[in-house]
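What follows is a single structure, written as structure tokens, with notes after it.
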Amino acid sequence: MSFTETLSRRGFGALLLGSAAAGCTPTVPVSEPQIAAPNFLPEYPPLQDAGYDLPPVPLEYTQGINRRMEGIYTGEAPQGSIDVDPYAKFLYHVKMDGTATRYPVGVGRQGRTLSGLATIQQKKAWPGWTPTQNMLNTEPEVYGDFRGGIPGGLRSPLGARALYIYRNGRDTYYRVHGTNDLESIGNSGSAGCIRMFNHDIIHLYNNVTVPMTINIRSEAESLRVDPEYFGRGVEQPARRISSDELLGDEALANDRAPQRDQLASNF
């Protein structure tokens, strides 16, 4: 909102009077309307995307370095690639000019994170999700109710966008994706995938062309490149969500987007 739009007719009149006759006429102070500061950063506002309404990311989740930032890239990944540090909880989109956009991420619990070089082979908007057989075998109490999958939309654990990671031409079943679990960003807690705020994965998705190289740093590389933030965040336990929350009638009614079918194709 511009400055002039914050002034009422009464306030605007009082300002004119004060400037024209300040030397000879006493003026009565006029209190301007108080506008509450937004509870989100400019890069994380309310957002409408393909018929879905995404809420803003509250300030409590974007404190300090836990936010999107631009800067000089000091890592070891090649230009025109993505570099993920699961120990510092950052993802870097490395540009050709030596700069990078750095995003905060949530990563897999200890021992569940992919490492080394791979390729982002495809990307999808508002993707659906199905637990892998390994997830069903190791944590049936968490994933068993969802073996049939969840369609793309606000309920999908992959959020607004997903980048699909391949190695040697085969799907690794690891993804870079959005999430509604805001507390997980900057921490460890997923089954192994790389989570981002929905606002950030949309921003990254719009700037990624496939195929693209992705590097996921080893512990030694993270310590070598970014020792300052090594070990950032905490490890969170797996969260169990009831099937009714994601597949019940109320969830279905709230998850509506007329353009959903148009977004199902791969890019």
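Looking only at residues that are outside any strand (DSSP E or B) and polar (S, T, N, Q) in segment 170-194, which one is surrounded by the fewest Cβ atoms within 10 Å (Cβ to Cβ)? Steps first, please.
From segment 170-194, those outside any strand (DSSP E or B) are 180-187, 191-193; that's our starting set.
Going one step further and asking which of them are polar (S, T, N, Q), we end up with 180, 184, 187.
Numbers: Asn180: 16, Ser184: 21, Asn187: 21.
Among them, the one singled out is Asn180.
Just checking, how many residues over segment 52-79 are in contact with a Ser or Thr (Cβ under 8 Å, 6 or more places away or on another chain), assigned to a loop (DSSP other than H, G, I, E, B) and within 21 Å of Gly159 (Cβ to Cβ)? Before you say what the answer is, go through the steps one by one.
To start, the set of residues in segment 52-79 that are in contact with a Ser or Thr (Cβ under 8 Å, 6 or more places away or on another chain) comprises 68-73, 77-78.
So of that shortlist, the ones also assigned to a loop (DSSP other than H, G, I, E, B) come out as 68, 73, 77-78.
Now narrow it down to the ones that are within 21 Å of Gly159 (Cβ to Cβ): 68.
Qualifying residue count, segment 52-79: 1.
For segment 42-78, how many residues meet the condition of being without any contact (Cβ under 8 Å) to a residue 60 or more places away in the chain, surrounded by 13 or more Cβ atoms within 10 Å (Cβ to Cβ) and more than 25 Å from Ala125 (Cβ to Cβ)?
Number satisfying all stated conditions: 2.
Within segment 195-216, restricting attention to residues that are part of a loop (DSSP other than H, G, I, E, B) and in contact with a strand residue (DSSP E or B) (Cβ under 8 Å, 6 or more places away or on another chain), which residue is farthest from Glu139 (Cα to Cα)? Talk me through it step by step, then tell me what you get.
Looking only at segment 195-216, we keep the residues that are part of a loop (DSSP other than H, G, I, E, B), and these are 206-211.
Now restrict to residues that are in contact with a strand residue (DSSP E or B) (Cβ under 8 Å, 6 or more places away or on another chain): 207-208, 210-211.
Numbers: Asn207: 35, Val208: 33, Val210: 32, Pro211: 32 Å.
Checked segment 195-216; the qualifying residue farthest from Glu139 (Cα to Cα) is Asn207.
Looking at segment 203-210, can you tell me whether even one residue there is under 21 Å from Arg232 (Cα atoms) and not small (Gly, Ala, Ser)?
Filtering segment 203-210 down to residues under 21 Å from Arg232 (Cα atoms) leaves none.
No - not one qualifying residue is present in segment 203-210.
State the number of residues belonging to segment 100-130 that are in contact with a Phe, Trp or Tyr (Cβ under 6 Å, 6 or more places away or on another chain), touching a residue at least 60 places away in the same chain (Cβ under 8 Å) and not basic (Lys, Arg).
The initial filter retains those residues of segment 100-130 that are in contact with a Phe, Trp or Tyr (Cβ under 6 Å, 6 or more places away or on another chain), namely 100, 102, 114, 119, 121-123.
Now restrict to residues that are touching a residue at least 60 places away in the same chain (Cβ under 8 Å): 114, 119, 121-123.
Pick out the ones that are also not basic (Lys, Arg) and you get 114, 119, 121-122.
Number satisfying all stated conditions: 4.
So how many residues does segment 38-58 have that are aliphatic (A, V, I, L, M) and more than 12 Å from the chain's Cα centre (by Cα)? If you could, list the steps in order and put the result at the bottom.
In the first step, residues of segment 38-58 are kept if they are aliphatic (A, V, I, L, M); the result is 41, 47, 50, 54, 57.
Remaining after also requiring more than 12 Å from the chain's Cα centre (by Cα): 41, 47, 50.
Qualifying residue count, segment 38-58: 3.
Output the number of residues of segment 118-151 satisfying the condition of being assigned to a loop (DSSP other than H, G, I, E, B) and of a type in the set (S, T, N, Q).
Going residue by residue through segment 118-151, those that are assigned to a loop (DSSP other than H, G, I, E, B) are 126-128, 130-132, 139, 147-149, 151.
Applying the additional criterion that residues be of a type in the set (S, T, N, Q) yields 130, 132.
Residues flagged as assigned to a loop (DSSP other than H, G, I, E, B) and of a type in the set (S, T, N, Q) within segment 118-151 amount to 2.
Out of everything in segment 27-56 that is in contact with a helix residue (DSSP H, G or I) (Cβ under 6 Å, 6 or more places away or on another chain) and of a type in the set (Val, Ile, Thr), what residue ends up being modelled with the highest pLDDT?
Val30
If the requirement is being within 25 Å of Asn215 (Cα to Cα), in a loop (DSSP other than H, G, I, E, B) and of a type in the set (A, V, I, L, M), which of these qualifies: Leu163, Leu154, Leu158?
Details: Leu163 fails: in a loop (DSSP other than H, G, I, E, B); Leu154 fails: within 25 Å of Asn215 (Cα to Cα).
Testing whether each residue is within 25 Å of Asn215 (Cα to Cα), in a loop (DSSP other than H, G, I, E, B) and of a type in the set (A, V, I, L, M) leaves just Leu158.
Scan segment 196-220 and report the pairs whose first residue is within 15 Å of His177 (Cα to Cα) and whose second residue is charged (D, E, K, R) and in a loop (DSSP other than H, G, I, E, B), with Cβ atoms within less than 7 Å and a gap of 6+ or a chain change.
Qualifying pairs under 7 Å: His199/Glu43; Asp200/Arg68; His203/Arg68.
Any chance segment 102-113 includes a residue that's modelled with pLDDT under 95, part of a loop (DSSP other than H, G, I, E, B) and among the β-branched types (Val, Ile, Thr)?
Yes; the residues of segment 102-113 include at least one that is modelled with pLDDT under 95, part of a loop (DSSP other than H, G, I, E, B) and among the β-branched types (Val, Ile, Thr).
The values are calculated or read from the model by the stated rules, or taken from the named source; none is laboratory data. Nothing here was measured: the structure is a model prediction, and the numbers come from that model. FYI the Cβ positions are ideal-geometry reconstructions off the backbone, even for glycines, and counts take in every protein chain you see.
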